[in-house]
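Derivation of every value follows stated rules applied to the coordinates shown; laboratory data play no part. Note that this is a predicted model, so its numbers are computed, not measured. Using ideal geometry, Cβ is built from the backbone for each residue, glycine included, and neighbour counts are taken over all protein chains shown.
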Amino acid sequence: MRKRIVAGNWKMNTLLKDGMELAKAVEKLEKEKTSDALMIIAPPYTHLSRIKELIQGVKLSAQNCSSAEEGAYTGEVSPDMLKSVGVEYVILGHSERRAYYGEDNELLNRKTKLALSKGLKPIFCCGEVLEEREGGKLFDVIREQITVGLKDLSIEDMAKVVIAYEPVWAIGTGVVASPEQAQEMHKFIRGLLVELFNDEVADNMTILYGGSCKPSNAAELFANPDVDGGLIGGASLKAEDFLGIVNAY
C-alpha cells in the first residue's frame with residue numbers, strides 16, 4: 001500500500017516568527033486530521049532547526065540541497081547539514097530551480113544520489129511547460145527528466161523516493177490540470193517506472209500532483225487511482241487550507 005502524502009512547499013515566504021506560528025498551527029491541526037495522509041512542510045532554510053523543535057506528527061523537508069558534500073561552495077547547504085537539524089525529506093528538481101537556476105537532469109541526478117546516501121528522502125519533481133504540452137512533447141519531457149534524474153538508483157533507493165508531477169503551466173497561474181490530465185500523466189509515470197525498474201517500484205511509488213491544488217479541487221484530483229497526494233504551494237501557507245487538502249482523502 002503506497003503512502004499518501006500532502007507536502008507544503010513554503011518557498012521564499014514567511015519570516016522566522018510567522019513561520020514558527022504556521023508550523024505550530026499545522027502541527028495542532030495534524031492531530032485533528034480525518035485522513036491517513038502524511039503531512040510534510042518545507043520551510044525556508046533559516047527556519048528548519050527552530051521548526052523541528054515544534055513538530056512531531058508533521059515531517060520536515062528542505063526545499064533544496066547541494067550536490068556537494070562540503071567545501072568551498074558559498075551559499076550552499078549540504079545534505080549532512082540538513083540531517084543535522086532533523087530534516088527527513090528534501091525537494092529536488094522543482095520547476096523553479098530548473099527554470100531560474102538552470103538545474104538540469106544530470107545535476108539533479110547527482111543531488112538525488114547524494115541526498116539518498118546521507119539518509120534524506122527526495123521528493124523528485126518533474127513537469128512540462130505550456131509550450132512543451134502544446135507541442136506534444138509532454139511525455140518526452142517527463143521521460144527524460146525521470147530517466148536521467150533517477151538514473152542508476154537501486155531498487156532500495158527507489159523505495160525512499162517520492163515523485164511530484166508539476167504541470168508547470170498550472171503553477172501559480174490559477175489554472176489546474178483537469179483530473180483526467182493529472183491521471184494521464186501519473187499513469188504514464190507509473191508505467192515508466194515499470195520500464196525503468198520493476199512492477200514493485202511502480203506500485204509502491206507515491207506520486208504527488210503539484211499544480212494549484214487547493215481545498216476546493218483536491219478531492220477530485222485525489223480520487224484518481226494514480227494520484228497519491230499533493231505538493232502544495234500557496235495553499236500550504238494557511239494552516240486551515242492545508243488541512244482541508246489533507247482531509248480531501
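Quick one: among Ile123, Ile51, Ile41, which has the greatest mean-square fluctuation in a GNM of the chain with alpha-carbon springs under 10 angstrom?
Result: Ile51 has the largest fluctuation of those listed.
Which pairs in the list Lys28/Lys59; Lys11/Lys214; Lys83/Lys113; Lys17/Lys121; Lys111/Lys160 are over 20 Å apart, alpha-carbon to alpha-carbon? Write out the running numbers ahead of the final one.
Values: Lys28/Lys59 13 Å; Lys11/Lys214 16 Å; Lys83/Lys113 15 Å; Lys17/Lys121 27 Å; Lys111/Lys160 14 Å.
In this structure, Lys17/Lys121 lie more than 20 Å apart at Cα.
Hey, which aspartates and glutamates would be in cross-link range of Lys187, C-alpha to C-alpha under 15 Å, not counting anything within fewer than 8 residues on its own chain?
Cross-link targets: Asp140, Glu166, Glu195, Asp199, Glu200, Asp203, Asp226, Asp228.
Nearest 500 deg cm²/dmol is fine: what mean residue ellipticity at 222 nm does the chain get from its DSSP H runs of n ≥ 4 alone, each adding -39,500 (n - 2.57), divided by its residue count? Mind showing how you got there, number by number?
On the way: 12 runs with 107 residues, N = 249.
So the calculated ellipticity at 222 nm is -12000 deg cm²/dmol.
For q values of 0.09, 0.11, 0.17, 0.18 Å⁻¹, compute log₁₀ I(q)/I(0) with the Debye formula on a Cα-only model of the stretch 107-249, without solvent.
So the normalised log intensities are -0.26, -0.40, -0.95, -1.06.
If packing is taken as the mean number of other Cβ atoms within 10 Å per residue, what is the order of 56-63, 18-25, highest first? Working shown, then result.
Values: 56-63: 19.6, 18-25: 17.9.
Output ranking for 56-63, 18-25: 56-63, 18-25.
Give me the one-decimal Kirkwood hydrodynamic radius in Å for the chain, with the sum taken over alpha-carbon pairs. Write down the numbers at each step before the final one.
Details: mean 1/r = 0.0557 Å⁻¹.
It is 18.0 Å.
Do any chymotrypsin sites (Phe, Trp or Tyr not before Pro) in the stretch 59-138 lie in a loop, going by DSSP, with at most 10 other beta-carbon atoms within 10 Å of their beta carbon, and if so which? Can you show the working numbers first?
On the way: sites: Tyr73, Tyr89, Tyr100, Tyr101, Phe124; in loops: Tyr73.
When the chymotrypsin sites (Phe, Trp or Tyr not before Pro) of the stretch 59-138 are filtered for loop state and at most 10 Cβ neighbours within 10 Å, nothing remains.
Excluding residues fewer than 8 places away in the same chain, name every one of the aspartates and glutamates whose C-alpha is closer than 16 Å to that of Lys238.
Asp18, Glu21, Glu27, Glu30, Glu32
Once R0 is set to 30 Å, what does the formula 1/(1 + (r/R0)^6) return for the Cβ-Cβ distance between Asp152 and Ser49, expressed as a FRET efficiency to the nearest 0.05?
On the way: r = 32 Å, r/R0 = 1.08.
Plugging the Cβ-Cβ distance into 1/(1 + (r/R0)^6) gives 0.40.
Against the 2.2 N^0.38 Å scaling, with N counting residues, where does the stretch 1-103 land? I'd like the Cα-based Rg ratio to two decimal places. Before the final figure, lay out the partial values.
Values: Rg = 14.3 Å, N = 103, 2.2 N^0.38 = 12.8 Å.
Ratio of Rg to 2.2 N^0.38 Å for the stretch 1-103: 1.12.
Towards the positive end of the charge dipole of the chain, with charges on Cβ (+1 Lys, Arg; -1 Asp, Glu), say which of Phe242, Gly149, Asn105 has the farthest Cα.
Phe242
Could you give the dipole magnitude of the stretch 5-246 about its Cα centre, charging the beta-carbon of Lys and Arg +1 and that of Asp and Glu -1, in debye to the nearest 20?
760
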